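Student: Quick one: the structure is below, and I'll ask about it shortly.
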Amino acid sequence: MARYLVAGGAGFIGRHLCQELLNHGHQVRVLDSLVEQVHLPGTPIDLGSDIEFIEGDLRDAAAVRRALAGIEGVFNLAAEVGVGQSMYEIERYVAANDLGTAVLMQEILAQPVRRVVVASSMSIYGEGLYRHPDGRLITSAARRPDDLQAGQWELSEAGQILEPLPTDESKQPDLASVYALSKYVQERLTLMLSTAYGIEGVALRLFNVFGPGQQLSNPYTGVLAIFSGRLLNDQPPSIFEDGQQRRDFVHVADVARAFRLAMEVPEAAGQAINIGSGRSHSVLEVARLLGEAMGQAELEPQILGRARSGDIRHCFADIGKAQELLEYSPGRRLEDGLQELIQWVSTQRAQDRFGEAQRELEKRGLVV
């Protein structure tokens, strides 16, 4: 039995990770600042009597110092999350994600732990891996603003459409948003400083996590939660571009298990590892599946035909490294996990703030 600190443990993934750790006999302490965008004011925080909770910001060295006392390993899930919002709330994202991780690592040097596992993101890849019709792999594909304005969503080279492929960890980062940049800094700070000071570091590059417990009123959270909040308010899901962009949706229970394995498996030390389902779905397909499952099939998704700055076209995971190093195997497909998600959504109330978020982006010229 070990004692672990989960920074950001009162959040969506953090709560599931805490339960995973408890189920395997570990002691858990949570440090969380309860950001209002994720934790609505007046909503009680109940992590259960088996979890020690400290309310505090990762940028507060004194709070971090207190939280680290007697801890053997740290999971760093504390972060502001949202590609679109990060493009105008720049200071907020850089301060919370990067300065927060810097303070955490600074304090760990004074109170060493065995291992630190940080939540990185698939967003650091930018566009995923592609193949040209002539067979060449394209590792640095990007879309031009002129193409987006013309509604040319797919990536091409000399007029030939590129084929999206599963993306593995060898693809070099291509940072398309402030959020992606901040997650990459979190990853590199953790791995670099861990190596320098003889601490084991692991970074998990999470793909699109879904499941019960995600904040439905947060317009910058995961796409399934946003769509659920819209449908719960009898509004159609709104989709940027044409809805054919492909993503990898991984259940939060699988992600929680991957974090535990990343703390336990010796071979994971020093590694950055994709955590996804190994499958891809178009965003439009997902919106329709969710609408049907919620009994709102008549609310056909609204295709906006516009692109959001910082978004990419296709990115889905090659999970071979996770399977090999962690013996990780995703247990729940998107289709299998929807019913559980819907049962939870049916007990919730949500404010539909998608329009508000879109107006914020539009007035800054971040939607084309």
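Student: Quick one: count up the residues across region 127-147 that are open to solvent by 70 Å² or more (accessible area, probe 1.4 Å), touching a residue at least 12 places away in the same chain (Cβ under 8 Å) and either basic (K, R) or on the phi > 0 side of the Ramachandran plot (or both).
Tutor: 1
Student: More than 20 Å from H281 (Cβ to Cβ), at pLDDT 95 or above and not charged (D, E, K, R): is that true of A203 in this structure?
Tutor: Numbers: more than 20 Å from H281 (Cβ to Cβ): yes; at pLDDT 95 or above: yes; not charged (D, E, K, R): yes.
Considered against the rule, which asks whether it is more than 20 Å from H281 (Cβ to Cβ), at pLDDT 95 or above and not charged (D, E, K, R), A203 comes out as yes.
Student: Turning to a different aspect of this structure: Would you check if there is a residue in region 76-88 being acidic (D, E) and in a loop (DSSP other than H, G, I, E, B)?
Tutor: yes
Student: Select from region 337-360 the residues that are open to solvent by 90 Å² or more (accessible area, probe 1.4 Å) and either part of a helix (DSSP H, G or I) or of a type in the set (V, I, T) (or both) and write down the one among them that is farthest from R279 (Cα to Cα).
Tutor: Among those residues, the one meeting the criterion is R359.
Student: R205: surrounded by 23 or more Cβ atoms within 10 Å (Cβ to Cβ), farther than 30 Å from V103 by Cβ and touching a residue at least 12 places away in the same chain (Cβ under 8 Å), yes or no?
Tutor: On the way: surrounded by 23 or more Cβ atoms within 10 Å (Cβ to Cβ): yes; farther than 30 Å from V103 by Cβ: no; touching a residue at least 12 places away in the same chain (Cβ under 8 Å): yes.
So R205 fails the test.
Student: Would you point out which residue out of A150, A102 is surrounded by fewer than 18 Cβ atoms within 10 Å (Cβ to Cβ), modelled with pLDDT under 95 and farther than 17 Å from H314 by Cα?
Tutor: Answer to the selection: A150.
Student: Moving on to the next point. If I90 satisfies all but one of (1) open to solvent by 70 Å² or more (accessible area, probe 1.4 Å); (2) among the β-branched types (V, I, T); (3) touching a strand residue (DSSP E or B) at 6+ places or on another chain (Cβ under 6 Å), what's the number of the condition it fails?
Tutor: For I90, the failing item is (3).
Student: A further question on this structure: Just checking, does region 305-314 include any residue being farther than 29 Å from I90 by Cβ and either hydroxyl-bearing (S, T, Y) or open to solvent by 30 Å² or more (accessible area, probe 1.4 Å) (or both)? Reasoning before the result, please.
Tutor: Step one: filter region 305-314 for residues farther than 29 Å from I90 by Cβ, giving none.
No - not one qualifying residue is present in region 305-314.
Student: Among Q27, Q106, Q111, which is touching a strand residue (DSSP E or B) at 6+ places or on another chain (Cβ under 6 Å) and either more than 21 Å from Q215 (Cα to Cα) or free of Cβ contacts under 8 Å to residues at least 24 places away in the same chain (or both)?
Tutor: Q27
Student: Exactly one of (1) more than 25 Å from M192 (Cβ to Cβ); (2) touching a Lys or Arg at 6+ places or on another chain (Cβ under 9 Å) is unmet by E335. Its number?
Tutor: Single failed check for E335: (2).
Student: So, D174, is that one assigned to a loop (DSSP other than H, G, I, E, B), free of Cβ contacts under 8 Å to residues at least 60 places away in the same chain, out of contact with any helix residue (DSSP H, G or I) (no Cβ under 6 Å at 6 or more places or on another chain) and among the charged types (D, E, K, R) or not?
Tutor: Yes, satisfied.
Student: Under 7 Å between Cβ atoms, which residue pairs at least 6 apart in sequence (or on different chains) link something in region 276-304 that is touching a residue at least 40 places away in the same chain (Cβ under 8 Å) and crowded, with 17+ Cβ neighbours inside 10 Å with a partner that is assigned to a loop (DSSP other than H, G, I, E, B) and of a type in the set (A, V, I, L, M)?
Tutor: These pairs meet every condition: G276/I319; G278/I319; G291/A297; G291/L299.
Student: What about P237, is it over 13 Å from F207 (Cα atoms), buried (at least 21 other Cβ atoms within 10 Å of the Cβ) and more than 18 Å from the chain's Cα centre (by Cα)?
Tutor: Yes; evaluated as a whole, the condition is true for this residue.
Student: I'd like to check something: does region 242-252 contain any residue that is touching a Gly at 6+ places or on another chain (Cβ under 6 Å) and under 23 Å from H26 (Cα atoms)?
Tutor: Yes: region 242-252 contains one or more residues that are touching a Gly at 6+ places or on another chain (Cβ under 6 Å) and under 23 Å from H26 (Cα atoms).
Student: Now for a different question. Residue check: is R313 modelled with pLDDT under 95 and closer than 16 Å to N208 by Cβ?
Tutor: Against the criterion (modelled with pLDDT under 95 and closer than 16 Å to N208 by Cβ), R313 does not qualify.
Student: Looking at (1) in contact with a strand residue (DSSP E or B) (Cβ under 8 Å, 6 or more places away or on another chain); (2) closer than 16 Å to G84 by Cβ, which is the one condition that is false for G211?
Tutor: (2)
Student: Here is a further query. Within region 247-275, can you find the residues that are open to solvent by 10 Å² or more (accessible area, probe 1.4 Å), of a type outside the set (A, V, I, L, M) and under 19 Å from V116 (Cβ atoms)?
Tutor: Those that are open to solvent by 10 Å² or more (accessible area, probe 1.4 Å), of a type outside the set (A, V, I, L, M) and under 19 Å from V116 (Cβ atoms): R257, R260, E264, P266, E267, G270, Q271.
Student: Quick check: anything in region 31-41 more than 25 Å from D98 (Cβ to Cβ), at pLDDT below 95, surrounded by fewer than 23 Cβ atoms within 10 Å (Cβ to Cβ) and over 17 Å from the mean Cα position of the chain (by Cα)?
Tutor: Keep residues of region 31-41 that are more than 25 Å from D98 (Cβ to Cβ), which gives 40-41.
From what is left, the residues that are at pLDDT below 95 are 40-41.
Now narrow it down to the ones that are surrounded by fewer than 23 Cβ atoms within 10 Å (Cβ to Cβ): 40-41.
Now drop any that are not over 17 Å from the mean Cα position of the chain (by Cα), which leaves 40-41.
Within region 31-41 (the criterion being more than 25 Å from D98 (Cβ to Cβ), at pLDDT below 95, surrounded by fewer than 23 Cβ atoms within 10 Å (Cβ to Cβ) and over 17 Å from the mean Cα position of the chain (by Cα)), the answer is yes, since at least one residue qualifies.
Student: Now for a different question. Which numbered condition trips up E20, out of (1) open to solvent by less than 70 Å² (accessible area, probe 1.4 Å); (2) without any contact (Cβ under 8 Å) to a residue 40 or more places away in the chain; (3) not in a loop (DSSP other than H, G, I, E, B)?
Tutor: Checking E20 against (1) open to solvent by less than 70 Å² (accessible area, probe 1.4 Å); (2) without any contact (Cβ under 8 Å) to a residue 40 or more places away in the chain; (3) not in a loop (DSSP other than H, G, I, E, B), the one that fails is (2).
The values are calculated or read from the model by the stated rules, or taken from the named source; none is laboratory data. All values reported here derive from a predicted model rather than from experimental measurement. FYI the Cβ positions are ideal-geometry reconstructions off the backbone, even for glycines, and counts take in every protein chain you see. For the accessible areas, the whole protein counts, side chains as well, though only heavy atoms, and no ligand, DNA or RNA atoms are used. Shrake-Rupley method; radii C 1.70, N 1.55, O 1.52, S 1.80 Å.
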